[in-house]
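For reference, the structure discussed in these notes is given below.
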Amino acid sequence: MQVGVFIPIANNGWLISTTSPQFKPSFDLNRAVVERAERYGMDFALSMIKLRGFGGPSEFWDYNLESFTLMAGLAAVTRRIQLFATCAVLTLPPAVAARMAVTIDSISHGRFGLNMITGWQEKEYSQMGIWPGETHHLRRYDYCGEYVTVMRELWDTGHSDFKGDFFQMDDCRCLPMPQSRIPIICAGQSDRGTEFAATFADHNFCSSFGINDPFAVAPSTARLLEANARTGRNCGALVVMMVIAEETEAEAQAKWEHYRSGIDMVALGWRQSQAETDPTTDKLAAAGRFAQKIQNRMPTMHGALVGSYERIAELLDLYATVPGVSGVMLTFDDFIEGMDKFGRHIQPRMTSRQHVMADA
């Protein structure tokens with residue numbers, strides 16, 4: 001099973017709380033995280049792109065770095081780990097994004113990939129005057145499909161004459177071509193989003209909003225497997241999960257309750273109001289999932305594993321048994337301490353990661 005880290009490109013990581021560790025993003029912080037990930041044998045590191053935060057007392061995600069330039073910097077100071085930037089398709093023409101990807105592919109010597117996001121949060125784009133309007137919700141995966149098709153043509157041949165509803169290439173060139181095939185990740189949770197992933201992506205993030213419940217992700221991964229069967233491809237599911245680990249169960253649980261006591265309901269509510277502008281009624285889409293989080297007072301952006309080192313290792317190994325899961329992408333309450341706890345105390349206990357320990 002692959003293990004990656006969702007690096008803290010935005011302030012406060014993935015805990016929407018005033019009682020969790022408070023920090024601002026920086027290159028130095030993200031370099032320290034990714035260097036640890038490489039040292040501990042993690043397979044990949046990924047940075048998101050967020051153009052507007054959620055506000056509230058925690059100022060959640062109000063401070064953000066930019067994904068492509070951050071990963072270019074990290075590519076220059078790492079040697080082995082796979083690096084993924086996130087491409088917000090509404091902000092860049094596909095030929096420009098393709099060339100940026102080739103540049104980081106060159107810096108990393110073939111270790112670069114892209115996470116594609118279609119753009120669902122209207123305020124991120126309307127603040128800059130580039131929101132396409134409400135119809136974007138209905139056709140965003142058609143738009144993104146054409147976008148990826150243009151990039152793939154440029155990466156594979158150095159040339160594109162693609163003609164579609166959204167993009168028309170006229171003898172478009174992009175040389176040099178990448179040293180290695182550039183993998184694509186996406187995060188489609190709805191039925192349409194999952195179909196897009198199975199058609200165009202190598203991996204799809206499947207979120208679980210449970211606590212200590214690896215099998216809560218099974219409906220999402222089952223949907224992806226069904227879509228794979230229709231497309232004849234093998235897009236793997238990557239589960240996004242926060243790890244809050246201590247030596248004992250009691251210590252970890254006390255931390256979790258402390259973070260819950262400071263949950264930023266203002267920030268969560270603003271995020272929910274943005275999700276509700278999406279007209280989809282799919283139960284696995286964003287609006288329904290975040291309504292559940294507010295109801296259950298969960299301060300994490302995704303699900304969480306809370307417990308002792310041994311318990312966390314057992315739970316992570318269980319993810320490897322869920323049909324369709326190819327890996328997990330981890331976040332931590334405190335990224336520096338959390339990475340060290342994972343590398344020193346959790347991963348050595350994981351059956352699914354013994355190949356990494358053997359190579360250490």
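Every number in this text was worked out from the coordinates using simple rules, so none of it is lab data. Owing to the predicted nature of the structure, the values given are computational and were not obtained by experimental measurement.
Region 118-177 and region 305-360 have Cα centres separated by 36 Å. Between 0 and 90 degrees, rounded to the nearest ten: what's the tilt of helix 309-319 against the longest Cα principal axis of the chain? That helix lies at roughly 40 degrees to the long axis. Using only Cα atoms, tell me the angle between helix 94-108 and the longest principal axis of the chain; keep it within 0 to 90° and round to the nearest 10. The answer is roughly 60 degrees. Taking Cα atoms only, the orientation of helix 135-157 departs from the longest principal axis of the chain by about 70 degrees.
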